[in-house]
Each structure stands twice: as C-alpha cells, then as structure tokens.
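Some notes on the structure that comes next.
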Amino acid sequence: MLNQNVRTIKRKISKMNIKKRRFGGKGTPFFLGLDIHSFMLFNQPFDRLNANDKQQVKELIVNAEIPNL
C-alpha cells in the first residue's frame, strides 16, 4: 500500500467492505488504519480477527517505515 498512488488506494478502499466513520453525521468518511490493513491481509475487518492475526496487523503498522519528507 505504501508504494501506490492516492487514486489506487481510494479505488481499493471503495471495494473493501470497511465500516465508514463520519464526524457530524454528514462529514467526510474516515476509515481505521487497522481495518484497512487487516482487510488487505486477511480479507476481514480488524474486530473479526483472532488475537494472533490482530497482533500481526499491529506489528505491520508499527514496523512500517515512514519516509522522510
């Protein structure tokens, strides 16, 4: 996901069955990073994963390299 452009990421997110969270009822939809990564790895939302899979997703996010801007 880190090597993809914004349009590709938006297209992939729109095809995933991820719960949208909106602030104020009509605002821009937000997605949890845990849900996005767990859907990419296991094709399930984060809250449906078992403990080992949840740990693997968390480690993936923590160990991701952030580019220097």
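The values are calculated or read from the model by the stated rules, or taken from the named source; none is laboratory data. These figures come from a predicted structure and were not determined experimentally. We place every Cβ from the backbone using ideal geometry, glycine too, and count neighbours over all the protein chains shown.
For (1) in contact (Cβ under 8 Å) with a residue 40 or more places away in the chain; (2) more than 25 Å from VAL62 (Cβ to Cβ); (3) of a type in the set (Ser, Thr, Tyr), each residue gets a yes or a no:
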{"residue": "VAL6", "(1), (2), (3)": "no, no, no"}
{"residue": "LYS12", "(1), (2), (3)": "no, no, no"}
{"residue": "ILE18", "(1), (2), (3)": "no, no, no"}
{"residue": "PHE23", "(1), (2), (3)": "no, yes, no"}
{"residue": "THR28", "(1), (2), (3)": "no, yes, yes"}
{"residue": "GLY33", "(1), (2), (3)": "no, no, no"}
{"residue": "HIS37", "(1), (2), (3)": "no, no, no"}
{"residue": "MET40", "(1), (2), (3)": "no, no, no"}
{"residue": "ASP47", "(1), (2), (3)": "no, no, no"}
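Of all residues in the stretch 1-23, exactly one satisfies the criterion of being part of a loop (DSSP other than H, G, I, E, B), over 22 Å from ASP47 (Cα atoms) and modelled with pLDDT of 75 or more, namely ASN5. For the stretch 33-50, a residue qualifies if it is touching a helix residue (DSSP H, G or I) at 6+ places or on another chain (Cβ under 7 Å), under 18 Å from ILE9 (Cβ atoms) and in a loop (DSSP other than H, G, I, E, B), and exactly one does: PRO45. Residues that are among the β-branched types (Val, Ile, Thr) and modelled with pLDDT under 75: does the stretch 52-62 have at least one? No - not one qualifying residue is present in the stretch 52-62.
Collect the residues in the stretch 42-61 that are surrounded by 14 or more Cβ atoms within 10 Å (Cβ to Cβ), under 10 Å from the mean Cα position of the chain (by Cα) and farther than 14 Å from ASN17 by Cβ, keeping them in residue-number order. VAL57 - this is the single residue of the stretch 42-61 that is surrounded by 14 or more Cβ atoms within 10 Å (Cβ to Cβ), under 10 Å from the mean Cα position of the chain (by Cα) and farther than 14 Å from ASN17 by Cβ.
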